[in-house]
Amino acid sequence: MKFAEFFAGLRISAGPASLSEAEILAFAQAWDPQWFHTDPVAADQGPFKGLIASGWQTCGLAMRLAVEAALQGSESFASPGIAYIKWPNPVRPDEPVRLEATVLEVRRSQSKPDLGVLRWRWELLHEDGRQALELEATSLFDLSQAKGAGV
């Protein structure tokens with residue numbers, strides 16, 4: 001989607017997608033080597049009663065879905081950050097989740113008119129509606145090549 005196509009209130013859906021046990025183990029061994037992400041036997045006895053994906057891997061899954069649904073081919077080039085992030089329920093191997101994103105704000109920067117600013121809320125949801133991830137992110141768009149674009 002191009003920046004001019006975004007508007008406050010727009011809802012974007014993507015997925016489903018899932019992570020295999022092998023993907024969860026490989027990510028955790030490289031980037032978040034906590035036992036409940038890396039040891040299926042110990043994880044079965046732990047508080048989550050099974051292996052779970054790292055919250056950071058869950059963010060990566062949501063990012064992939066956001067790119068596929070909205071950012072691929074856009075003028076998006078960076079993000080100055082995330083206002084908040086929550087992982088209310090874990091993602092387990094082969095458990096499908098979907099992304100539901102809601103655009104909160106779309107504007108041009110006052111100090112840099114060729115900079116588009118998009119603020120949006122992402123939810124990664126299990127099939128039964130439980131949240132796996134909730135975050136509010138800001139994305140930046142280079143509008144220097146998009147003269148005459150809306151907003």
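The set of residues in the range 16-53 being touching an Asp or Glu at 6+ places or on another chain (Cβ under 7 Å), of a type in the set (S, T, N, Q) and surrounded by 15 or more Cβ atoms within 10 Å (Cβ to Cβ) consists of SER18 alone. Please state which one of TRP56, TRP120 is surrounded by 19 or more Cβ atoms within 10 Å (Cβ to Cβ), out of contact with any helix residue (DSSP H, G or I) (no Cβ under 6 Å at 6 or more places or on another chain) and aromatic (Phe, Trp, Tyr). After applying the criteria, what remains is TRP120.
Cβ-Cβ contacts under 6 Å between residues 6 or more apart (or on different chains), taken from a first residue in the range 15-31 that is touching a residue at least 12 places away in the same chain (Cβ under 8 Å) to a second residue that is outside any strand (DSSP E or B) and surrounded by fewer than 15 Cβ atoms within 10 Å (Cβ to Cβ), are listed as PRO16/PRO96; SER18/ASP94; SER18/PRO96. For the range 1-47, the helices (runs of 4 or more DSSP H) that sit wholly inside it and include 2 or more residues that are out of contact with any strand residue (DSSP E or B) (no Cβ under 8 Å at 6 or more places or on another chain) and charged (D, E, K, R) are 21-31. Can you find even one residue in the range 114-132 that is out of contact with any Leu (no Cβ under 9 Å at 6 or more places or on another chain), modelled with pLDDT of 95 or more and under 14 Å from ALA4 (Cα atoms)? No, every residue in the range 114-132 fails to be out of contact with any Leu (no Cβ under 9 Å at 6 or more places or on another chain), modelled with pLDDT of 95 or more and under 14 Å from ALA4 (Cα atoms).
For the range 59-89, the candidate set comprises residues that are in contact with a strand residue (DSSP E or B) (Cβ under 7 Å, 6 or more places away or on another chain) and in a loop (DSSP other than H, G, I, E, B); within that set, the residue that is surrounded by the fewest Cβ atoms within 10 Å (Cβ to Cβ) is PRO88.
Taking first residues from the range 93-122 that are of a type in the set (S, T, N, Q) and partners that are modelled with pLDDT of 95 or more and part of a strand (DSSP E or B), the Cβ contacts under 6 Å between residues at least 6 apart in sequence or on separate chains come to THR102/ARG11; THR102/ARG121; SER109/LEU115; SER109/VAL117. Kindly indicate whether ARG92 is within 17 Å of ALA17 (Cα to Cα) and part of a loop (DSSP other than H, G, I, E, B). Answer is yes for this residue. Where residues in the range 22-43 are among the small types (Gly, Ala, Ser) and in contact with a Phe, Trp or Tyr (Cβ under 7 Å, 6 or more places away or on another chain), which of them is farthest from LEU61 (Cα to Cα)? Looking at residues that are among the small types (Gly, Ala, Ser) and in contact with a Phe, Trp or Tyr (Cβ under 7 Å, 6 or more places away or on another chain), I get ALA42.
The values are calculated or read from the model by the stated rules, or taken from the named source; none is laboratory data. On a predicted model such as this, the values are computed, not experimentally measured, just so you know. Using ideal geometry, Cβ is built from the backbone for each residue, glycine included, and neighbour counts are taken over all protein chains shown.
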